[in-house]
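Contents: one structure, followed by commentary.
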């Protein structure tokens, strides 16, 4: 196992190489359900980021204390604590967002990105690295869900963050805001991003070959 | 590096008269009466929609295959059929971009992204129609009165959208109107006469099998006979067998959509199951849901079930025995 992980690579890892939405394809339930408007997507992403950073932090702190056999319940208790904090904070300060996200805020408790990072990263790495990983993964998720919701809001409503972007004559494509539209749009984004990733990797190989020559 | 093809024993016949291109050409020929009827009843706008849909379907296929460095298969004419069928599923005063967007969705999203011809899991034209229906419900429901023989719609008829024969409370059409196509509706689904002509041509040419259309229409007829108890009477409005058989997209669906090779079962029993299933779902959706027309959703649903139907109806090869425990086989 590689022991030397720099903070920079861990941070970038969450955003690009292992982007939870486009690479790991984790946390699909909130991604598909709340990505109908950029504001909601952004809110969901940042709420998840908050929980991810703090749960990674606490789990990394406790990683040598938690017995292996009960680690899942222990993770749930830690994660649920922070989700409750987020839930109450949103209710108090941004009630409109809290209302539109509804059940999906409490459901962050069972978000598989958070579990995956707790299980595979925070329980094995130092506190600083775990916080960085949480931040990177969280921002990667925010990026993914915001991108998806931007596409859906633009096509389905002609707006971005509630501001009219498309010309007046544009007839919104209502299916983009419905569940099937979410799946279709996510599929198209996955195609584009995977194709772009492959193209970049190819170029890197070509450059390396050129450098050798 | 490619592995050599494994050739199985047995006679291999190849009939050069049967090619994808020839089959698709037959379908286009079978669709021509309907196209003519559409132009007769809905005039220039119907012609415009058909041209836009076909051209954008061909363009979408060509551009996608060029971009992804695949062999271009535009010449097999399947995209022409898709474009034409899609145009038939639009109301006469749909804007031209609706036809173009629909064709792009059908060819790229439903067909090419899943691997091109032969790989689509749903009928491309129908799936595109469903997407358009859910996206631009208002535009797709804007049916106009037919204006037989006139190139441009009379001003009064053009602006209003009217109820189709299946809309509840608008059941005032005679059987002949329904049969000839002199009713409001999608441009290609109103004229049952033209559709049946095309359907019979396909049956004679053996392009399609009789099982799906017959079991589809039969199931709908039986279901409505059980529900209404009348074959036909003027007083019963839409509540009789013949009226239901002749309205909506049932005929075009039964002959041209449900019989798509790629998305219907290959075995005879499977085809019967497909037809009966389509009929039952159409009945359920027409009668018990808020959608007035269930044909496309019924067929799409059975399209998705096709692999399952195929799996359970495949014939057992002669002399085939289920492999027993592997230990015994090793001994033998």
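A few remarks follow.
- Helix content alone sets the calculated 222 nm mean residue ellipticity of chain A: runs of n ≥ 4 DSSP H residues at -39500 (n - 2.57) each, divided across all residues, give -22500 deg cm²/dmol.
- Global geometry of chain B, whether rounded, prolate or oblate, following the gyration tensor of its Cα atoms and the 1.5 cut on a/c: oblate
- Here region A:8-64 and region B:237-315 have alpha carbon centers that stand 44 Å from each other.
- Just checking the listed ones, A:191, A:85, A:163: in the Gaussian network model of chain A with Cα springs under 10 Å, the one fluctuating most is A:163.
- Rounded D (µm²/s) - the protein assembly as shown, Kirkwood Rh over Cα pairs, Stokes-Einstein at 25 °C, 0.890 mPa s: 91
- 0 to 90° range, to nearest 10: angle between helix B:211-228 axis and chain B longest Cα axis: 50
- Rounded if a/c under 1.5, otherwise prolate or oblate - region A:95-213, Cα gyration tensor axes: oblate
- Highest GNM mean-square fluctuation among B:121, B:301, B:288, for chain B modelled with Cα contacts below 10 Å: B:288.
- A Förster radius of 45 Å combined with the Cβ-Cβ distance from residue A:163 to residue B:321 puts the calculated FRET efficiency at roughly 0.05.
- Separation of the residue B:175 and residue A:183 label points, Cα + 7 Å toward Cβ, nm: 4.2
- Order of A:72, B:108 - criterion: other Cβ atoms within 10 Å of each residue's Cβ, fewest first: A:72, B:108
- Over the residues of chain B, the helix contribution to mean residue ellipticity at 222 nm works out to -16500 deg cm²/dmol, using -39500 (n - 2.57) for each DSSP H run of at least 4.
- Structural descriptor for region A:18-120: relative contact order 35 percent, calculated from alpha carbon pairs under 8 angstrom and at least 6 residues apart.
- Helix axis angle, B:124-135 relative to chain B longest principal axis, alpha carbon, degrees: 50
- Cβ crowding within 10 Å, taken as a proxy for footprinting-reagent exposure, orders B:314, A:36 from fewest neighbours to most as B:314, A:36.
- Cα shape, region B:23-63, gyration tensor, a/c 1.5 rule: oblate
- Inter-site label distance for residue B:18 and residue A:116 at 7 Å from Cα along Cβ, in nm: 4.8
- Estimated inter-spin distance, residue A:128 and residue B:69, nm [label 7 Å along Cα→Cβ]: 4.5
- Relative to the longest principal axis of the Cα atoms of chain B, the long axis of helix B:192-204 lies at roughly 20 degrees.
- For peptide A:167-174, the mean count of partner chain Cβ atoms within 10 Å of a residue's Cβ comes to 3.
- Length-normalised contact order of chain B in % [C-alpha pairs under 8 Å, at least 6 apart]: 17
- Peptides B:206-213, A:41-48, ordered by how many other C-beta atoms sit within 10 Å of their residues on average, highest first, read A:41-48, B:206-213.
- Relative contact order (percent, whole number), region B:228-281, Cα cutoff 8 Å, 6+ residue spacing: 18
- Averaged over peptide B:220-231, the number of partner chain Cβ atoms lying within 10 Å of each residue's Cβ comes to 0.
- Highest average first, the peptides B:221-227, B:67-73, B:128-134 ordered by how many other beta carbon atoms sit within 10 Å of their residues are B:128-134, B:221-227, B:67-73.
- Ranked by the mean number of other Cβ atoms within 10 Å per residue, highest first, peptides A:10-23, A:141-154 order as A:141-154, A:10-23.
- Between residue A:17 and residue B:200, the C-beta separation translates, for a Förster distance of 56 Å, into a calculated FRET efficiency of about 0.40.
- Here the extension length gained between residue B:55 and residue B:230 equals 58.5 nm, from 0.36 nm per residue of separation less the Cα-Cα distance.
- FRET efficiency for the pair residue B:305 and residue B:134, taken as 1/(1 + (r/R0)^6) with r the Cβ-Cβ distance and R0 = 22 Å, rounds to 0.60.
- Note on B:255, A:82: ascending count of other Cβ atoms within 10 Å places them as A:82, B:255, the fewest first.
Computed from the coordinates by the stated procedures, all read-outs in this text should not be read as laboratory data. Everything numeric in this text was worked out from a predicted model, so none of it was measured. Using ideal geometry, Cβ is built from the backbone for each residue, glycine included, and neighbour counts are taken over all protein chains shown.
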